[in-house]
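S.K.: Here you go, one structure.
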Amino acid sequence: MENILEVENLQIFLKKNRQKINAVDQVTFGIEKGRTLGIIGESGSGKSLTCMAVMGLLDRKMWQFEGNVSLQGKKLDITKRKQMSQICGNRMALIMQNPMSAFNPVITIGQHFYETLGKPGLPKTGKEQMKKIAVELLEKMYIRDPESVLRSYAFQLSGGMLQRIMIALALAVQPDLLIADEPTTALDLSVQNEIVKILKELQRKYGMSILIVSHDLGVIKELADEVAVMYAGNIVEKGSAKEILLNPSHPYSKGLFCSRPAFSKERLTVMEGQPPVLEERGSGCGFYPRCPEKCEACKAYFPDACTVDRKHQIKCLKRGGDVNGIAGS
């Protein structure tokens, strides 16, 4: 099946004092129609940065990009704000992790829908039809009295309600790809379960693809078909969600999953150390200082991906990674 989204060798550099600091390095992945890719990893690993770059939302004065991003086989110029603005909020839509910051506090929820549905490039729709569409979408989000909600301002509503409204706004344009950046962060468990249920139902109905970033492995388990594990700006392991979650191969993936809180009397396993900051990243494996399985070669070399089983790939010298063609090898 053809990929809706194709990201190939994406590199993102932070411009700082006439220097270029590599924040995301050679990231490659694809998402098929109607399927979900989950990206997991600690804070600062480059997950959200990758999503923002794909949507063309990073400031060019601060960031520089290399690599290719394609949507339905058409290459996108993520540096061109005008081109990307016609695609974002139309063929691609974003759910942000902080719903309160996503809404203009001085306009009503209804006005947010009118602005979204009135964007250039979308079919022209009258205000009454826009209201009808908004009400129907809010009802699908299990929101009671949607007409009253449309008259409300964001500060009058709860975080869980705003998150569901944000999903409704994203779906108003019937996107091919939905990017969800920590969609359940700061929500209580019952609301998290509602959001996951809604996303699964809407994906089945509309056949859209989803790219989801989350710290919550439970959310990833429920939603993702494939999983990519990011560390220090690199995808160190990727494959089917079942394979990665049940049988992780990279030492970082193992440590990440062992650090997950569980309802038991057993002591929580803690992964020693901290991820490297941007200035500390070198040519070797970024996980080297924390890795319990490291060898001396890991300090100098970061391998190409090798295949563990079918689509299961890993970048690790101890798992047979190839160092050919790597800078510094």
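S.K.: Checking the structure you have, find out if any residue of region 274-292 is under 20 Å from the mean Cα position of the chain (by Cα) and either open to solvent by less than 30 Å² (accessible area, probe 1.4 Å) or modelled with pLDDT of 90 or more (or both).
M.R.: Checked against the condition, which is being under 20 Å from the mean Cα position of the chain (by Cα) and either open to solvent by less than 30 Å² (accessible area, probe 1.4 Å) or modelled with pLDDT of 90 or more (or both), region 274-292 yields no hits at all.
S.K.: Can I ask one more? Which of the residues belonging to region 55-77 are open to solvent by 80 Å² or more (accessible area, probe 1.4 Å) and either at positive phi or β-branched (Val, Ile, Thr) (or both)?
M.R.: Passing the criteria: only GLN72.
S.K.: Right, another one. Before we move on, is GLY67 part of a loop (DSSP other than H, G, I, E, B) and within 24 Å of SER209 (Cα to Cα)?
M.R.: no
S.K.: Would you mind telling me which numbered condition in (1) open to solvent by 50 Å² or more (accessible area, probe 1.4 Å); (2) outside any helix (DSSP H, G or I); (3) of a type outside the set (Ser, Thr, Tyr); (4) under 24 Å from LEU199 (Cα atoms) MET100 fails?
M.R.: Unmet condition: (2).
S.K.: Considering (1) open to solvent by less than 70 Å² (accessible area, probe 1.4 Å); (2) over 20 Å from the mean Cα position of the chain (by Cα); (3) modelled with pLDDT of 85 or more, say which one LYS132 fails and leave the rest.
M.R.: (1)
S.K.: Of everything in region 1-56, what is outside any strand (DSSP E or B) and either touching a helix residue (DSSP H, G or I) at 6+ places or on another chain (Cβ under 8 Å) or more than 22 Å from ASP216 (Cβ to Cβ) (or both)? Give them in sequence order. Talk me through it step by step, then tell me what you get.
M.R.: Residues of region 1-56 outside any strand (DSSP E or B): 1-2, 17-18, 33-35, 41-56.
Across region 1-56, the qualifying residues are MET1, GLU2, ASN17, ARG18, LYS33, GLY34, GLY41, GLU42, ALA53, MET55, GLY56.
S.K.: I need every pair where a residue in region 41-60 that is more than 22 Å from ILE87 (Cβ to Cβ) has its Cβ under 8 Å from the Cβ of a residue that is hydroxyl-bearing (Ser, Thr, Tyr) and buried (at least 18 other Cβ atoms within 10 Å of the Cβ), sequence separation at least 6 or different chains.
M.R.: Listed by first residue and then by second, the contacts come to GLY41/TYR231; GLU42/TYR231; SER45/TYR231.
S.K.: Of all residues in region 135-155 being charged (D, E, K, R) and not in a loop (DSSP other than H, G, I, E, B), which is most open to solvent (accessible area, probe 1.4 Å)?
M.R.: GLU139
S.K.: Then there is this: State whether one or more residues within region 88-95 are over 28 Å from GLU115 (Cα atoms), in contact with a strand residue (DSSP E or B) (Cβ under 8 Å, 6 or more places away or on another chain) and either in a strand (DSSP E or B) or open to solvent by less than 40 Å² (accessible area, probe 1.4 Å) (or both). So that I can check it myself, show each step before the final result.
M.R.: Of region 88-95, the ones over 28 Å from GLU115 (Cα atoms) are none.
No, that holds for no residue.
S.K.: Need the failing condition index for LYS238 against (1) under 14 Å from GLY38 (Cα atoms); (2) open to solvent by 30 Å² or more (accessible area, probe 1.4 Å); (3) part of a helix (DSSP H, G or I); (4) not β-branched (Val, Ile, Thr), just the number.
M.R.: Evaluating LYS238 over (1) under 14 Å from GLY38 (Cα atoms); (2) open to solvent by 30 Å² or more (accessible area, probe 1.4 Å); (3) part of a helix (DSSP H, G or I); (4) not β-branched (Val, Ile, Thr) leaves (3) as the failure.
S.K.: Also, quick follow-up: Consider GLY38 carefully, then state whether it is within 30 Å of VAL191 (Cβ to Cβ), of a type in the set (Gly, Ala, Ser), within 16 Å of the chain's Cα centre (by Cα) and open to solvent by 50 Å² or more (accessible area, probe 1.4 Å). Break it down into steps so the answer makes sense when it comes.
M.R.: Details: within 30 Å of VAL191 (Cβ to Cβ): yes; of a type in the set (Gly, Ala, Ser): yes; within 16 Å of the chain's Cα centre (by Cα): yes; open to solvent by 50 Å² or more (accessible area, probe 1.4 Å): no.
Considered against the rule, which asks whether it is within 30 Å of VAL191 (Cβ to Cβ), of a type in the set (Gly, Ala, Ser), within 16 Å of the chain's Cα centre (by Cα) and open to solvent by 50 Å² or more (accessible area, probe 1.4 Å), GLY38 comes out as no.
S.K.: Filter region 7-21 for residues that are crowded, with 18+ Cβ neighbours inside 10 Å and either more than 18 Å from VAL277 (Cα to Cα) or among the polar types (S, T, N, Q) (or both) and give the result. Break it down stepwise before answering.
M.R.: So the first thing to find is which residues in region 7-21 are crowded, with 18+ Cβ neighbours inside 10 Å, and the list is 7, 10, 12-13.
Scanning region 7-21 gives VAL7, LEU10.
S.K.: Need pairs with beta-carbon distance below 8 Å; first residue at positive phi and within region 142-169, second part of a helix (DSSP H, G or I) and of a type outside the set (S, T, N, Q); sequence gap 6+ or separate chains.
M.R.: So the pair list comes out as TYR142/ARG164; TYR142/GLU194; TYR142/ILE198.
S.K.: Report, by residue number, each residue of region 156-178 that is in a helix (DSSP H, G or I) and out of contact with any helix residue (DSSP H, G or I) (no Cβ under 8 Å at 6 or more places or on another chain).
M.R.: Here is the first cut: in region 156-178, the residues in a helix (DSSP H, G or I) are 156, 159-171.
Selection gives GLN156, ALA170.
S.K.: May I pose another question? Return the pair list, or none, for Cβ contacts closer than 6 Å from residues in region 306-318 that are part of a loop (DSSP other than H, G, I, E, B) to residues that are open to solvent by less than 70 Å² (accessible area, probe 1.4 Å), at least 6 apart or on different chains.
M.R.: LYS311/GLY239; LYS315/VAL236; LYS315/PRO303; LYS315/ALA305; LYS315/GLY321; CYS316/HIS250
The values are calculated or read from the model by the stated rules, or taken from the named source; none is laboratory data. Note that the structure is predicted; figures quoted are calculated from it, not measured. Using ideal geometry, Cβ is built from the backbone for each residue, glycine included, and neighbour counts are taken over all protein chains shown. Each accessible area value is taken on the protein alone, full model and side chains, heavy atoms only, with ligands, DNA and RNA left out. Shrake-Rupley method; radii C 1.70, N 1.55, O 1.52, S 1.80 Å.
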